[in-house]
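This report refers to the structure that appears directly beneath it.
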Amino acid sequence: MGDFSSLIQDWYMENKRNLPWRNHQDPYLIWLSEIILQQTQVVQGLSYYEKFSQKYPTVKHLAKADQDEILNLWQGLGYYSRARNLHFAAKQIVTEFDGNFPTTYDNIIKLKGVGEYTAAAISSFAFGLPKAVVDGNVYRVLSRIYQIDTPINSTNGKKEFQALANELIDHQNPDIHNQAIMELGALVCKPNNPNCETCPVHQKCESFANKSFNSFPVKLKKVKVKNRFLNYIVVQNNGNTLLRKREGKGIWQGLYEFPMIESTESVDKVDYFKNLNQDKLILSHRTKHLLTHQKLEVSFWVYQDDYSLNITDFKKIKNDSIRNYPVPQVIARYIEESHFFKR
Ligand code: SF4
């Protein structure tokens with residue numbers, strides 16, 4: 001075992017957080033936790049992990065579940081493709097691997113939604129395979145220790161950091177090594193104000209010696225954020241409303257929404273239905289919503305009328321059953337605040 005690995009492992013054994021998915025080697029539960037924790041803070045992910053692992057204790061339970069039910073349980077975590085991929089991959093395990101979680105890195109990475117990081121995490125945590133993980137924490141720790149200025153979101157950067165992580169991994173205890181380096185990034189080598197004085201590897205750290213840790217890691221500039229204007233028509237008639245499932249490849253695929261028209265700018269009138277009576281259309285709420293590369297202005301227009309309920313490509317539902325349908329977070333918030341959908 002290298003000196004670096006032994007230092008971080010000793011530190012980890014003393015300082016690790018007690019997280020539920022660290023107390024076993026069940027590959028299914030480890031996978032579940034890893035997918036939930038992608039783009040999600042541990043504190044927020046914990047309750048979702050509890051809900052999912054209780055409701056679907058095995059991969060077979062998850063494979064058999066209804067997708068709407070899964071998306072409903074996922075509501076609030078965002079990045080819904082993770083939930084859809086989770087469901088797809090559970091079915092893949094049942095059909096392609098006879099219901100047994102795959103045991104090799106090459107098979108694990110075939111699962112939908114599983115990339116190099118997640119495959120390495122499951123391989124090492126559940127099966128003790130010497131596969132090095134490289135996540136945001138690892139990029140930060142390694143770039144600072146060795147003052148590597150290759151952008152971490154470039155193709156070269158990804159290769160360089162993966163190669164270095166592979167060199168450093170402890171082949172005897174790859175699981176503890178991987179957990180240790182990520183935990184060091186999460187608890188000590190934090191993005192702002194790292195606790196260098198208490199860091200177990202500060203004597204080896206070049207950016208500590210040079211006080212240059214704020215310059216690492218280096219990232220390429222982000223892609224431009226796109227502005228979009230979504231107008232939802234909240235049709236109301238005798239305690240009913242209209243919903244439709246979003247299909248296609250865009251955002252919120254598989255979730256439900258009210259009839260929607262997108263405008264190129266913020267508008268004070270919308271024209272969705274043929275013969276829509278503008279006098280009956282009232283702007284009820286307007287809000288901003290941020291996605292990774294999109295800035296949304298979302299407007300909810302209430303329309304009280306019989307006529308619109310005849311629109312055939314929408315589902316007519318009772319207002320009080322709306323919570324049975326998985327919806328994007330911005331719509332869920334509107335539903336909670338609107339008096340039409342009071343519990
Ligand atoms: Fe990070 Fe500071 Fe430790 Fe270097 S010494 S790895 S900058 S916490």
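At a glance:
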read-out	value
Residues of the stretch 182-193 that turn out to be near the ligand (Cβ under 6 Å from one of its atoms) and in contact with a Lys or Arg (Cβ under 9 Å, 6 or more places away or on another chain), as a count	1
Flag for residue 275 being farther than 23 Å from residue 76 by Cβ and modelled with pLDDT under 90	yes
Of residues in the stretch 267-289 being among the hydrophobic types (A, V, I, L, M, F, W, C) and either in contact (Cβ under 8 Å) with a residue 40 or more places away in the chain or not in a strand (DSSP E or B) (or both), the one surrounded by the most Cβ atoms within 10 Å (Cβ to Cβ)	270
Residue count for the stretch 153-165, restricted to those that are more than 16 Å from residue 182 (Cα to Cα) and not in a loop (DSSP other than H, G, I, E, B)	7
Failed item, numbered, when residue 264 is tested on (1) exposed (fewer than 15 other Cβ atoms within 10 Å of the Cβ); (2) in contact (Cβ under 8 Å) with a residue 40 or more places away in the chain	(2)
Selection from the stretch 166-181 of residues that are closer than 15 Å to residue 16 by Cβ and either β-branched (Val, Ile, Thr) or within 13 Å of the ligand (Cβ to nearest atom) (or both)	176, 180, 181
Subset of the stretch 296-320 that is under 20 Å from residue 252 (Cα atoms) and not in a strand (DSSP E or B) - its residue that is modelled with the highest pLDDT	314
Unmet requirement for residue 102, which otherwise passes all of (1) at negative phi; (2) in contact with a Lys or Arg (Cβ under 6 Å, 6 or more places away or on another chain); (3) not hydrophobic (A, V, I, L, M, F, W, C)	(2)
Total residues in the stretch 144-165, condition closer than 16 Å to residue 117 by Cβ and within 16 Å of the ligand (Cβ to nearest atom)	4
Filter result for the condition that a residue is within 13 Å of the chain's Cα centre (by Cα) and not aromatic (Phe, Trp, Tyr), over 53, 33, 47, 6	33
Residue 230 surrounded by 15 or more Cβ atoms within 10 Å (Cβ to Cβ) and either within 30 Å of residue 154 (Cβ to Cβ) or more than 29 Å from the chain's Cα centre (by Cα) (or both)	no
Breaking point among (1) at pLDDT below 85; (2) charged (D, E, K, R); (3) over 22 Å from residue 239 (Cα atoms), for residue 262	(1)
Top-ranked residue in the stretch 120-152 [being touching a Lys or Arg at 6+ places or on another chain (Cβ under 7 Å) and either part of a helix (DSSP H, G or I) or not aliphatic (A, V, I, L, M) (or both); ranked as surrounded by the fewest Cβ atoms within 10 Å (Cβ to Cβ)]	151
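The values are calculated or read from the model by the stated rules, or taken from the named source; none is laboratory data. This is a predicted model, so every value here is computed, not measured. Note: ideal-geometry Cβ built from the backbone for every residue, glycine included; neighbour counts use all protein chains shown.
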